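To start, the structure itself, in structure tokens.
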Amino acid sequence: MTASDQLVKPAGAAPPRRKRLFLVALSLLATALFLSLGIWQVERRAWKLDLIARVESRLASPPVPAPGRAAWPTISRDADEYRRVTARGRFLSGRAVRTMAVTEKGAGSWLLEPLVTEAGDTILVNRGFVPPDWQPPPGDGEGSVTVTGLLRIPEPGGGFLRSNDPAHDRWYSRDVAAIADAKGLGPAAPYFIDADASGNRPGAPVGGLTVVAFRNHHLIYALTWFGLAALSGYAAYRALRER
């Protein structure tokens, strides 16, 4: 056998030890990462199921008086959103705003109008959907009214790739604080009410279009991450077994 023959490695020879150890370490690191992501998705799924159960319970409950000024500091998304509430008062004419909306009735706007309750609190009410060419009929929103609907948490900033423009009265989200400031409403409730369909009448905004739906694909995501963890772990095992 010549010296040149001794330098030639046979086809399919095992990789060097250092390279094999690197592959094992990389595979184990990937396994740990995928396992942690899978566990995180399991925890997210438990949180989402609890949220859905709480919201369904609120939707099935009778309406309660809308939180007054004393309760405003304690309002939170987890504890209060989608709670059925009712409020009685008068709408402030000339202070309504329209925010962009896409609904089952097509493109248009939500009509948000401030309601001054009998207790003197100011609450923004999403009276419902209106088409682009909508004009209020005579007497719309006048007199004392009772509003029933869902308590909603504000949407600050604007919509997707669009920011609210208070100076030009262009609104892409229901940003309570910004609307109250732009319309000079003073202190307003840190929530708004999505009116239900009980106040619907011909020519008026169409209430009751709130979509209450939560995406819950966390189980699929968790199984995906756990599957990748299993593949990475198997890759580490094969690398260790390689001679």
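What follows is calculated from the coordinates using simple rules that are stated; it is not laboratory data. All values derive from a computational prediction rather than experimental measurement. Cβ atoms come from the backbone with ideal geometry, glycine included; neighbour counts cover every protein chain shown.
In this label model, Trp47 and Arg77 are separated by 1.0 nm, measuring between points 7 Å along each Cα→Cβ vector. Arg77 sits among other residues whose Cβ lies under 13 Å from its own Cβ, and their net charge, with Lys and Arg +1 and Asp and Glu -1, is 0. Computed over the stretch 30-124, the Cα gyration tensor eigenvalues convert (square root of 5λ each) into semi-axes of 37, 20, 13 Å, ordered from largest to smallest. Take each peptide in 145-151, 123-129, count the other Cβ atoms within 10 Å of every residue, and average; sorted highest first, the result is 123-129, 145-151. DSSP bridge analysis restricted to the stretch 72-200 gives an antiparallel fraction near 90%, rounded to the nearest 5. Among beta bridges from DSSP that stay inside the chain, the antiparallel ones total about 85%. Can you tell me the orientation of helix 218-241 relative to the chain, as the angle in degrees between its alpha-carbon axis and the longest Cα principal axis, to the nearest 10? Result, in degrees: 10. Let me have the relative contact order for the chain, percent, based on Cα pairs under 8 Å that are six or more residues apart. In percent, rounded to a whole number, it is 26. What number, rounded to the nearest 500 deg cm²/dmol, is the helix-based mean residue ellipticity at 222 nm of the chain, given -39500 (n - 2.57) per DSSP H run of at least four residues and division by all its residues? About -11500 deg cm²/dmol. Summing +1 for each Lys or Arg and -1 for each Asp or Glu among the other residues whose beta-carbon sits under 11 angstrom from that of Glu113 gives +4. Listed peptides 136-143, 223-230, 189-196, 153-160 appear in the order 189-196, 223-230, 153-160, 136-143 once ranked by packing, highest mean of other Cβ atoms within 10 Å at the front.
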